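**Student:** Structure in structure tokens, see below.
Readers should treat all values here as calculations from the given coordinates under stated rules, not as data from a laboratory. For clarity, every value in this text was computed on a predicted model and none was experimentally measured. Glycine also receives a Cβ, built like all others from the backbone with ideal geometry; neighbour counts cover every protein chain displayed.
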Amino acid sequence: MAKSGPILGLDFGERRIGVAISDGGRRVATGLATLDLRKHPDPFKPLATFIAERKVAEIVVGYPLRTDGIVKPGAKTEAVDAFVAELKARFGLPVHLEDEAFTSALAEDSLRARRRAKDRPRDARGFARQKAEVDRVAACFILQDWLDREDAA
């Protein structure tokens, strides 16, 4: 029996969480939002809204691995582990970890290729919007990698 329902992809960071969603057929990831943790100190509230409104069936979270694929304990992995535990406890959905290596760099490169020189930010607000966009696109890369691997299996 085929799995159904969209999947939420998250790029967890200390300042922002990039959010992406798959289509119902689980083929394509699309950027949904970026949660600024200064504005949303409890990110689980907006996540609950996304999950309910979009009827999310599973969640994929970017996980920091070393370039050799080994998990190295540290502050970042501990923060992601705590976030994932809270996701599972609050929503009762399957949560999958996906290697997030280079996703922010890929997102920056992708956005830079699309951006014209005149579109570059000139002030702090513009730089904040650009960072938010990078996190949202990184969430797309994380989710799309997972979708592609699951589709191939």
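**Student:** Of R136, R149, how do they rank once you tally other Cβ atoms within 10 Å and put the fewest first?
**Tutor:** Listing R136, R149 from fewest to most nearby Cβ atoms yields R149, R136.
**Student:** Quick one: order T77, T34 by neighbouring beta-carbon count within 10 Å, fewest to most.
**Tutor:** Final ranking by Cβ density, sparse to dense: T77, T34.
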